[in-house]
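To start, the structure itself, in C-alpha cells.
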Amino acid sequence: MNTVAVKHWIWRDTLGVYLREAGFQFWGLVRMPGFALPTLLFPTMFYVFFGLVFAKGGDRQVATYMLATYGTFGIMAPALFGFGVGVAMEREHGILALKRVAPMPPMAYLFAKAAMAMLFALIIVLLLFVLGAAFGGVALPRSEWWLLAVTLVAGTLPFCALGLAVGVRVGGQASAALINLIYLPMSFLSGLWVPLQFFPHWLQELAKVFPAYHLGQIALGIVHQDGGDFLAHLIYLLIFTAVCLGFAQHGWRRIQDR
Amino acid sequence: MPDKHVTRTTIAALKGVSKCYGQVTAVDCMNLEIRRGEVLALLGPNGAGKTTSVNLLLGLAWPTSGAVELFGLPPRKVAARRRIGAMLQDAQFGGHARVGEIIALYSGYYLKPLALAETLRLAGLEDLEGRPAVKLSGGQKQRLMFALAVCGDPELLFLDEPTVGLDVESRRAFWNSIRALKQAGRSIVLTTHYLEEADALADRIVVIGRGRVIAAGTPAEIKQSVARRHIRCITRLKAAQVCMLPGVSGVLQDGARLDIVAARPESVLFEMLKLDPALHDLEVTGARLEEAFLALTNNHREEQAA
C-alpha cells in the first residue's frame, strides 16, 4: 500500500509557488539581454539626451517635466514586452500547456509576470530619479518623489493588461512586432517624447485615446505641471484595463481548449 | 501476462467522448479506461486521435460531448492534476533557465515531489543540472521533459510520443526508465506509433484509428486477433492460380519465390502440395505486430468505406 498522504496543501505552499514563479521569471528576464538592456537603457538614454543635455542651460522645469513623461515611457516597456512577447512565446513553445497540466495555479503565472513588470518599472523609475536629481536639478518634496514612484509602478498595470490581451492571441514573432508598433507610436502620440503643446490641435485631441497619455498626465500633475483632471484620467485607465482584461480572458479561454 | 501491479481500479476514463474541430472529428465517441498499475499504449498512425485523446484526459482540450474523469474528478481540478505528470509533444524551453531551476520550479507545484537529485537521476540529467535549457541537445531536452513529468512523483504519467527523434540507445534507456516506474507501481499512458515500443512496454494496447478504438487487448491478443502467416516457397504454380485457393488473402511474386499471405497456412499448403509436389524452399513465418496493426487499421478503413 502507498502511505496515506499526511501532508496537506496549505496556504504556505501556495505562497511558495507564487514566490518561486516570480523568482524564476526574474532570472529569465535578467539573463535575456534582449529584454533587460533596452528596457533599462532606452528611457534613461532618452531622458539624458532630451531632458538633461538638450534642455537649455539645465532647465529645471524641463528636467522635471521630462522626468514624468520619460518615466511613463519607461515603465510601459517591461509590462508590454513582458506580457505581450513573454506570454506569446511561452504559449508558442508549449510551456503554457505544460504549466496548465502541472498543478500550477494560473494566477501564480500572471502574478509573477506582473510582479516582474513592476520590479523593472521600479528600477527604471529609480534610475531616472537619480539622474534627474543629480544632473537636472529636479527637486521635489519627499512626498512627491514617493507619490510619483508609486504612481508609475502601479501605472504598469494597464499596460500589463494590454500586453496580455496581445500575448494570448498573437504568435511569438508577430507579438514582438505588434508590441513595438503599439509602444513607440503611442509613446510619441501621447506626448511622452515631445510635449503635446508642440503638436497640432487635432493630434492633441487624438492623444486622449491612448492610456499612455492619461498616465503621463497623472504623473505630470504630481510634479505640478498642468496635468488636467486626475479623476478623469484614473477612470479612463481603469476602464481601459478592464476592457483589455476582458479581451485577454476571451483569448485565454480559447487557448484553454487546444 | 498478468502483473501484480495491475488492478481493475479505473483511475482515468473517457466516457463516450467526442471532440470536433470545426468539421473534423478528431475523437469519435471514445470510451477508454486507464487502470491503476498498468502501462497502457495508445497505438495508431499519425492523425489517428492519440494526442487529442491524451489532451482530453489532461484537460488541455475540452470534449465536444461526453465526460472525462481523472481520479474521479474533472481533469481541470488542481486536486486531480497534483496526481499526474505529463510529457507533451513539442513543448520546449527556449530561455536561459537552468535545468535544475526548471525542475525545482515544477517540483514546487506538487505536494510531495521527489528530491531534485532523485529526479535528475531518473531522467539521466545528473551532469546537466547547471546547463541552460537552450543549450541542451534534442535528446537532453526530451529528458528534461521527462524529468518535469516525474518530478512530482505522480501516480499516473502521460507520455505523448516520448521517444520520437531519439536514437536507438536513448530509446532503450528510456524504456528502462518506464519499466522502473511501472515496477514502482505507477500507471502510465503512452502514445506511440512505434509498434515495437507498445509491444515491449505495454500491459494493454488500445489501437486507435480515425478517432475510434479499433481494438484493445494485450499485445499477444492484438497479434492473435489478426493472425496472418506468410508462406514463402519456390513453386511452378502461378500467382494467379494460388490466389484462387481458399484461405489465401494475398500473393506476391518475389523473384523466383511466391509470398503468400493466409490466416491458416496448413490448409493452403496442403492444396499447393497436391498441385505441385515439387514445391521447395518452404518457409512459414508469423506476422509481426507491425503487420497486425496495419491489417487492423486497413480493415477498419474498408469497413468504414463499405
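Some observations on this one:
- Helices (runs of 4 or more DSSP H) (entirely within the stretch A:1-116) containing at least 3 residues that are exposed (fewer than 15 other Cβ atoms within 10 Å of the Cβ) and away from every other protein chain (no Cβ under 13 Å): A:33-46
- Out of A:ALA97, A:ALA139, A:ALA133, sole residue that is without any contact (Cβ under 8 Å) to a residue 60 or more places away in the chain and more than 16 Å from A:PHE46 (Cβ to Cβ): A:ALA133
- The residue list B:LEU32, B:LEU73, B:LEU58 contains one member that is among the hydrophobic types (A, V, I, L, M, F, W, C), closer than 17 Å to B:LEU156 by Cα and more than 14 Å from chain A (Cβ to nearest Cβ), which is B:LEU32.
- Screening A:TRP146 with (1) touching a residue at least 24 places away in the same chain (Cβ under 8 Å); (2) open to solvent by 10 Å² or more (accessible area, probe 1.4 Å) gives one miss only, at (1).
- Residue within the stretch B:222-237 that is in a loop (DSSP other than H, G, I, E, B), modelled with pLDDT of 85 or more and open to solvent by 60 Å² or more (accessible area, probe 1.4 Å) present: yes
- Number of the condition not met by B:PRO45 [criteria: (1) under 29 Å from A:TYR18 (Cβ atoms); (2) touching a Ser or Thr at 6+ places or on another chain (Cβ under 8 Å)]: (1)
- Hits in the stretch B:14-23 (condition: in a strand (DSSP E or B) and either outside the structural domain of B:ALA86 (by TED's automatic domain parsing) or open to solvent by 40 Å² or more (accessible area, probe 1.4 Å) (or both)): B:LYS15, B:CYS20, B:TYR21
Residue by residue, here is whether (1) β-branched (Val, Ile, Thr); (2) more than 20 Å from the chain's Cα centre (by Cα); (3) under 15 Å from B:ILE188 (Cα atoms); (4) outside any strand (DSSP E or B) holds:
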site	(1), (2), (3), (4)
B:THR25	yes, yes, no, no
B:MET30	no, no, no, no
B:ILE34	yes, no, yes, no
B:GLY37	no, no, yes, yes
B:LEU42	no, no, yes, no
B:SER53	no, no, yes, yes
B:PRO63	no, yes, no, yes
B:PRO75	no, yes, no, yes
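- Options B:ARG143, B:ARG121: the member that is assigned to a helix (DSSP H, G or I) and surrounded by 17 or more Cβ atoms within 10 Å (Cβ to Cβ): B:ARG143
A quick yes/no check of all residues on (1) without any contact (Cβ under 8 Å) to a residue 12 or more places away in the chain; (2) under 30 Å from B:LEU40 (Cα atoms):
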position	(1), (2)
B:ILE188	no, yes
B:ASP203	no, yes
B:ARG210	no, yes
B:THR218	no, yes
B:ILE234	no, no
B:GLN253	no, no
B:SER267	no, no
B:LYS274	yes, no
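- Looking at A:TYR236, A:TYR213, just one residue is closer than 27 Å to A:PHE83 by Cα, in contact (Cβ under 8 Å) with a residue 12 or more places away in the chain and touching a Ser or Thr at 6+ places or on another chain (Cβ under 6 Å), and that residue is A:TYR213.
- A:GLN249, sole failed condition from (1) within 14 Å of chain B (Cβ to nearest Cβ); (2) surrounded by fewer than 16 Cβ atoms within 10 Å (Cβ to Cβ): (1)
- Any hit, the stretch A:223-243, residues being open to solvent by 20 Å² or more (accessible area, probe 1.4 Å), away from every other protein chain (no Cβ under 14 Å), outside any helix (DSSP H, G or I) and more than 16 Å from A:MET66 (Cβ to Cβ): yes
- Scan of the stretch A:152-200 for residues that are farther than 15 Å from A:ALA115 by Cα, open to solvent by less than 50 Å² (accessible area, probe 1.4 Å) and either among the polar types (S, T, N, Q) or not in a helix (DSSP H, G or I) (or both), ordered by number: A:VAL168, A:VAL170, A:GLY171, A:SER175, A:SER187, A:SER190, A:GLY191, A:LEU192, A:PRO195, A:PHE199
- Filter result for the condition that a residue is part of a loop (DSSP other than H, G, I, E, B), within 11 Å of chain A (Cβ to nearest Cβ) and at pLDDT 90 or above, over B:GLY85, B:GLY152, B:GLY94, B:GLY130: B:GLY152
The values are calculated or read from the model by the stated rules, or taken from the named source; none is laboratory data. The structure presented is a predicted model; accordingly, all values stated were derived computationally and were not measured. Neighbour counts run over all protein chains shown; Cβ positions are idealised from the backbone, glycine included. We work out accessible area using only protein heavy atoms, side chains counted, and drop any ligands, DNA or RNA first. Shrake-Rupley method; radii C 1.70, N 1.55, O 1.52, S 1.80 Å.
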